[in-house]
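Colleague: Next up is a structure, given as structure tokens.
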Amino acid sequence: MEDKKLITVYIEDKPYRVKPERSMLDACLTLGFDLPYFCWHPAMHSVGACRQCAVKQFRDENDKKGMLVMACMTPAAEGVRISIKDPEAVEFRSKVIEWLMLNHPHDCPVCDEGGECHLQDMTVMTGHVYRRTRFKKRTHRNQYLGPFVNHEMNRCIQCYRCVRFYNDYAGGRDFGVFAAHDNVYFGRQEDGVLQSEFSGNLVEVCPTGVFTDRTLKAHYTRKWDLQTAPSICVHCGLGCNVIPGERYGTLRRIRNRYNGQVNGYFICDRGRYGYGFVNSERRIRHPYYVTCGASGEKEENKLDEGKALPHAKSLLQGAKGTIIGIGSPRASLEANYLLKRLSGPENFYAGFSGRDFNLVRRIISILTGGPIRTPTLKEVAEADAVFVLGEDVPGAAPMLGLALRQAVRQKPVEAAKKSGIPVWNDYAVRMAVQNDKGPLFIAASAATRIDPLAEGVFHGAPEDIARLGFAVAAAIRPDAPAPQGALPEAAARLVPLIAARLKTASRPVIISGTGAGSMAVIGAAANIAKSLLESGKGPGLCFVVPECNSIGLGLLGGKNLKEAVAAARQKRADTVIVLENDLFDRLSAPEAEALLAARQVIAIDHLPNHTVSMAHMVLPAAAFAEGTGTLVSNEGRAQRFYKVYVPGGQIEESWRWLAQLLAATGGAEFFTLDDVDRALAEEMPVFGGVPAAAPPADFRMSGLEIKIPRQPHRFSGRTAIHADVDVHEPKPPVDPDSPLSFSMEGFDGRPPSALISRFWAPGWNSVQAVNKFQSEVGGQLHGGDPGKRLIEPASKGPSLSYFTGIPPAFKRAWDKSLFLIVPLYHVFGSDRLSALSPPVAELVPSPYLALNPEDARDFTAREGAEIRLLIEGVSFRLPVRFDASIARGVAGFPFGLPGLHGVELPAWGRIEVKMSGWAEKSAGREWGEGEAGDV
Amino acid sequence: MFSILRAIWTVFLHLFRRKVTVLYPEEKPRIPPRWRGRIILSRDPDGGERCVACYLCAVACPVGCIALQAAEDEYGRRYPEFFRINFSRCIFCGFCEEACPTCAIQLTTDFEMSEYYRHNLVYEKEDLLISGPGKHPGYNFYKVAGLAIKGKDKGENENESPPVDVKGLLP
């Protein structure tokens, strides 16, 4: 049945049904026409600056003359009649591109954009082939923009997309357009690192090669030579879809993979540039076991092909007691499940620290137990009122921060819409909106990067944040429990305002998570959502989780890691299998050492770390781009990531090692990923959707026997790549786990959305080809966006009751040297894996302790002065940083920075000033320095 | 019977025709200059490597016998880190030469490349690179490309104005 709301437009005198409230360019692209454009971007809409999408518009069918209009500025209204092929329009477009090319340098062979350049595509599309002008080309000096983005300003065609993305869409403040007329210059006021955590998107937004990927430049490969497969970003819990590209056995770059419900057109710099760890020199590529050398030192004995399994089997069969398995929130669901099978559910421990375990458990009980829906990233971006409770959103989950930047525009844009301005008319909307912002409230431990957008901000200790949340819930519904006693004045002022804004909003969203390390904060967020639900709203409750499979592991179950320590201390653990996890990140050093003091320790990981250095046997695990598996994102979306290439050495997916071990020790046999997923879905109903997250390995496009190729059809060098080793071409590797092949041969049409390895269409070599994969511009991919949500709100059954457990107000310690240490998050640094990537490592801040200047004055008048911090017996030496946003009596500890781990936060810590007799050492953890494998 | 005699007669007449057969290898045949033989990499008139590792030859190659990796010197000039042609797969179609935007890759008149082992037909960059400009003596890509390299700053190309002063307000 046809949608009644559709309207009819005529293109080349043929009627088409399209959605209203769109521009004609949008409508043409949705209908599959090829119409060139530059300044328009599906996420940033129309400004009509480049004049490239000119078409002829006719008044009616008798109008033969018509007039040239810009399709992007023409509303799709009933009866609009245009022609793309009109000779005058065709000529106009070819002249426009000739102007744009006047100053474009003769660079394509040495330009990193070449082969995926929108300007190249559009030039070919309009038919401009020969340069007629004899005048000189204008040139520009380039800038250093940091380790991520390369600048080559000569190539600019002044489409203004970069500033519109960087400043208007992503809220950057250190980038702009300078100079006048045909000299305009896009860059920074002076050389320096781009400050926005979304700067990498300039690479995809720029239609030509002004901004290119600096990390790719170091090992440059053209798009047509990259072997790619759909993958999922592993650097936070949001599960953004990405496309890693490989050439000659190393990972070359990460590109965004459009998913209408999750990341849309953009990803953050942590996800784009954090891939370097995969190529690390230090990767574990061969299994080995450790023996004691003659002089007592450790010897690593490499195991040859086929020897690892018998060795591991003999270890497991020789176990004199219990075998315990320690899972990991950064390993795939399948690996964790098989470890659970191998060790048995009673001996499977989720790889979370004690507190994180409880926090994730509470989040899952709220999401699965209640009628409250957790929104997708797209739904967060469409929210018209947001309350962030206890989370540094841009630091912990940058893309959620980008969604919030869009959410604050919802209300003003709606107002502009009411006054008759179409949403796609970007400049008019911005003029109407000016600086108006929709309601956003933030309660966090310290200032976050989106604070300037917020209507109200409260900074305080986690207890006070939770109390603010409970008070807001009670203000919305009086039956919700209210905190006893007074709130801090700054918080008390916000309560009625927040409650009123949330109550009047039609799509309110509450954001919380594990960031504050507080059960009460999560409970308070749930109470607000429940109170809104009971007042008849459909609130979204979004939780930020620290790692890419935190929710998956939480759903899988397993015991608290602290119990594993207890078991080890009581000598109840003979053999410990640690899956892709550094226990020294999760536990204090004595606890981790107690656990690893078991008689036999088997570690499965891809990089050496402290845990690996203490293992008796190590199996090399595949990193995310080298394996296939499933991850569950913070919204409970199960998403499949695929092996991009077969790594060298004896690297295997963790789940495959575990499946082989399971079979070798007499357990069930699993041969492919689908076998594992089926067993998982049968055993645990909550994972029933996992097999449906992506097509199974035996999936073929209708009626065809062939697989879907990972390599583009123009992949080069097939008979020369390995010729230096062996002149006979090797057989392509077999992939039993997916319908994708390691080949350039196979199905060359449009695959199902979960199997899209690259965005390419004839004539559309650049990333703009995504238009051809969407059912409508900016909408879902053909066949629905990939991934399967495992958690949907229960429509019936017992409703979640209000959380009580309201903590008392935060009180400063009587002792002025005691502080409540709260974790702070950094886009670069808080995630350990991405920080191992060299370009990201350049931007990781050095460790510090943030104190309120008033508090700091008790110790030192000078910022940067070194203090000693003692948390539960662990000592750190850190320079002081003044931060006026931190509450008195609270200190901010940038968790995850080099050396800053092994403690559970928030916790009370004692600060000592420097005294004579301290050894002169650099900042960091005192006992942690110089440890083998401490990465 | 007559046709047989006529055939013998025709063959006999050929004894007095000019010989077409060349006694190769004692006698070398004349090879036209546009012959598509062994592939080389040339240098620009300044002696720099012409190849900028743009990968166009590799992608044009119908048998995929060219593999290379781009690298960059400290001044931003591109060159191939390695450049490999597997001549045991090459069909000498000349597409690579046509695709090359810098006249770096050229086909020569040399066709005497027989080897007993196929792996001896795998040529690396040091086997391919010659010391002169080959068929295109004058062309220097970096003199017309907008990139700055060592010894050539922005705006110093043929047909380029000096870099814009971003802070200037003059029309």
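Colleague: I'd like the Kirkwood hydrodynamic radius of segment A:374-538, using the inverse of the mean 1/r over distinct C-alpha pairs, in Å.
Modeller: Evaluated on segment A:374-538, it is 15.9 Å.
Colleague: Show me the ranking of peptides A:689-696, A:649-656 by mean Cβ neighbours inside 10 Å, starting with the highest.
Modeller: Output ranking for A:689-696, A:649-656: A:649-656, A:689-696.
Colleague: Quick one: Cα centre-to-centre distance for segment A:838-913 and segment A:572-587, in angstrom?
Modeller: 28
Colleague: As a test of the formula, what do you get for chain A when each DSSP H run with n ≥ 4 contributes -39,500 (n - 2.57) and the sum is divided by the residue count, at 222 nm and rounded to the nearest 500 deg cm²/dmol? Please report the intermediate quantities before stating the final value.
Modeller: Details: 25 runs with 228 residues, N = 935.
Taken over chain A, the calculation gives -7000 deg cm²/dmol.
Colleague: Among A:205-216, B:1-12, how do they line up by average Cβ neighbours within 10 Å per residue, starting with the highest?
Modeller: By packing density, highest mean first, the sequence is A:205-216, B:1-12.
Colleague: Kindly point out which whole DSSP H helices in chain A project their C-alpha atoms 27 angstrom or further along the helix axis while averaging a Kyte-Doolittle hydropathy of -1.0 or above. Intermediate results must be reported in sequence, preceding the final value.
Modeller: Values: long enough: A:398-418 (31 Å, -0.28).
Correct list, ordered by number: A:398-418.
Colleague: Find, to one decimal place in angstroms, the Kirkwood hydrodynamic radius of chain B, where the mean of 1/r is taken over every pair of different Cα atoms and then inverted. Don't jump to the answer; show the numbers that get you there.
Modeller: Details: mean 1/r = 0.0507 Å⁻¹.
Evaluated over chain B, this radius sits at 19.7 Å.
Colleague: Let me ask you something else. With the alpha-carbon atoms as the only input, what is the per residue convex hull volume for segment A:460-595 in Å³?
Modeller: On the way: hull volume 20.4 nm³, N = 136.
Cα-based convex hull of segment A:460-595, divided per residue, equals 150 Å³.
Colleague: B plus A alone minus the pair: what accessible area, both sides summed, probe 1.4 Å, in Å² to 100?
Modeller: 3700
Colleague: Carbon and sulfur: what percent of the protein assembly as shown's accessible surface (1.4 Å probe)?
Modeller: 54
Colleague: For A:Ser738, A:Ser535, give me the order by solvent-accessible area with a 1.4 Å probe, most accessible first, ignoring ligands, DNA and RNA.
Modeller: So the residues, ranked largest to smallest area, are A:Ser535, A:Ser738.
Colleague: Follow-up. For the full complex of protein chains and a 1.4 angstrom probe, list A:Trp760, A:Trp224 by accessible area with the highest value first.
Modeller: Order by accessible area, largest first: A:Trp760, A:Trp224.
Colleague: How would you rank A:824-834, A:352-362, A:408-418, A:126-136, highest first, on the average number of other Cβ atoms within 10 Å across their residues? The partial results should precede the final answer.
Modeller: Numbers: A:824-834: 25.2, A:352-362: 21.5, A:408-418: 17.9, A:126-136: 11.2.
Descending packing order for the listed peptides: A:824-834, A:352-362, A:408-418, A:126-136.
Colleague: Please report the spacing between the Cα centers of segment A:18-56 and segment A:197-255 in Å, no decimals.
Modeller: Taking the Cα centre of segment A:197-255 as reference, the centre of segment A:18-56 is 26 Å away.
Colleague: Quick check of the Kirkwood formula: for segment A:108-279, what is the inverse mean of 1/r over all pairs of different Cα atoms, in Å?
Modeller: One decimal place: 17.1 Å for the Kirkwood radius.
Colleague: Which of the three applies to segment A:7-92, rounded, prolate or oblate, going by the alpha-carbon gyration tensor with a ≥ b ≥ c and a/c under 1.5 meaning rounded?
Modeller: The shape class here is oblate.
Colleague: Compute the acute angle (0 to 90°) between the alpha-carbon long axis of helix B:2-14 and the principal axis of greatest extent of the alpha-carbon atoms of chain B; round to the nearest 10°.
Modeller: For B:2-14 against chain B, the angle is about 50 degrees.
Colleague: While we're looking at this one, here's another question. Other chains' Cβ within 10 Å of A:103-109 residues: what's the mean?
Modeller: Per residue, the average neighbour count from other chains is 6.
Colleague: With +1 on the Cβ of every Lys and Arg and -1 on the Cβ of every Asp and Glu, and nothing else charged, how large is the dipole of the protein assembly as shown about its Cα centre, in debye rounded to the nearest 20? Please list the in-between numbers first.
Modeller: Values: 131 positive and 126 negative charges, 408 e Å.
Here the size comes out at about 1960 debye.
Colleague: Now for a different question. Do the sum for chain B: with -39,500 (n - 2.57) for every DSSP H run of n ≥ 4, divided by all residues, what is the mean residue ellipticity at 222 nm, to the nearest 500 deg cm²/dmol?
Modeller: When only DSSP H runs of four or more count, the value is -4000 deg cm²/dmol.
Colleague: I've got another one for you. Which one, A:Pro793, A:Gly271, A:Pro496, is farthest towards the positive end of the dipole of chain A when Lys and Arg carry +1 and Asp and Glu -1 on their Cβ?
Modeller: A:Pro496
Colleague: Can you list the aspartates and glutamates whose alpha carbon is less than 13 Å from that of A:Lys559, not counting same-chain residues fewer than 8 positions off?
Modeller: Result set, ordered by chain and number: A:Glu346, A:Asp356.
Colleague: Average partner chain C-beta neighbours within 10 Å, per residue of A:139-148? Mind dumping the intermediate values first?
Modeller: Values: counts 12, 6, 8, 5, 0, 0, 0, 0, 0, 0.
Counting Cβ atoms of other protein chains within 10 Å of each residue's Cβ and averaging gives 3.
Colleague: Write down, largest first, the equivalent ellipsoid semi-axes of the protein assembly as shown in whole Å, where each equals the square root of 5 times an eigenvalue of the alpha-carbon gyration tensor.
Modeller: Values: eigenvalues 557, 313, 176 Å².
After scaling each eigenvalue by five and taking roots: 53, 40, 30 Å.
Colleague: Would you mind counting up the charge near A:Leu487? Only other residues with Cβ under 13 Å from its Cβ, with Lys and Arg at +1 and Asp and Glu at -1.
Modeller: -1
Colleague: Of the lysine pairs in chain B, how many meet both conditions: Cα atoms under 21 Å apart, and a spacing of 8 or more in sequence or different chains? It would help to have the intermediate numbers written out before the result.
Modeller: On the way: B:Lys19/B:Lys28; B:Lys125/B:Lys135; B:Lys135/B:Lys143; B:Lys143/B:Lys152; B:Lys143/B:Lys154; B:Lys154/B:Lys167.
Step by step, the pairs that qualify in chain B add up to 6.
Colleague: Moving on to the next point. For A:Lys707, which lysines qualify as cross-link partners when the Cα separation must be under 24 Å and same-chain residues fewer than eight apart are set aside?
Modeller: A:Lys223, A:Lys643, A:Lys731, A:Lys772, A:Lys788
Colleague: Give the lysines reachable from A:Lys95 as a straight Cα distance under 22 Å; neighbours fewer than 8 places away on the same chain don't count.
Modeller: A:Lys56, A:Lys65, A:Lys85, A:Lys136, A:Lys137
Colleague: Let me ask another. For segment A:753-858, give the magnitude of the charge dipole about the Cα centre (Cβ charges: +1 Lys/Arg, -1 Asp/Glu; no others), in debye to the nearest 20.
Modeller: That gives segment A:753-858 a dipole magnitude of about 300 debye.
Colleague: With a sphere of radius 14 Å drawn around the Cβ of A:Ile442, what net charge do the other residues whose Cβ falls strictly inside it have (Lys, Arg +1; Asp, Glu -1)?
Modeller: Summing Lys/Arg as +1 and Asp/Glu as -1 gives -1.
Colleague: Just the Cα atoms of segment A:454-537, one point each, no solvent: what log10 I(q)/I(0) does Debye give at q = 0.21, 0.23 Å⁻¹?
Modeller: -0.96, -1.16
Colleague: As I understand it, the dipole of chain A uses +1 on the Cβ of Lys and Arg and -1 on the Cβ of Asp and Glu, about the Cα centre. Which of A:Val601, A:Gly66, A:Val110 lies farthest toward its positive end?
Modeller: A:Gly66
Colleague: Placing +1 on the Cβ of each Lys and Arg and -1 on the Cβ of each Asp and Glu in chain B, which of B:Gly94, B:Leu147, B:Ile130 has its Cα farthest towards the positive end of the resulting dipole?
Modeller: B:Gly94
Colleague: Taking Cα centroids, how far is segment A:393-426 from segment B:105-171 in Å?
Modeller: 48
Colleague: Is the C-alpha gyration tensor of segment A:590-736 telling us rounded, prolate or oblate? Criteria: a/c under 1.5 is rounded; beyond that, a/b larger than b/c is prolate, otherwise oblate.
Modeller: It comes out oblate by the Cα gyration axes.
Colleague: Moving on to the next point. With +1 on each Lys and Arg Cβ and -1 on each Asp and Glu Cβ, and nothing else charged, work out how big the dipole of segment A:245-402 is about its Cα centre, in Debye to the nearest 20.
Modeller: Working: 23 positive and 16 negative charges, 74 e Å.
Rounded to the nearest 20 debye, it is 360 debye.
Colleague: Any idea how many Lys pairs in segment A:374-538 come in under 17 angstrom at the alpha carbon, given 8 or more places apart or on separate chains?
Modeller: Close lysine pairs under the 17 Å cut-off: 8.
The values are calculated or read from the model by the stated rules, or taken from the named source; none is laboratory data. Note that the structure is predicted; figures quoted are calculated from it, not measured. Here Cβ is always computed from backbone atoms with ideal geometry, including for glycine, and neighbour counts include all displayed protein chains. The area values use the complete protein model at the heavy-atom level, side chains included, leaving out ligands, DNA and RNA. Shrake-Rupley method; radii C 1.70, N 1.55, O 1.52, S 1.80 Å.
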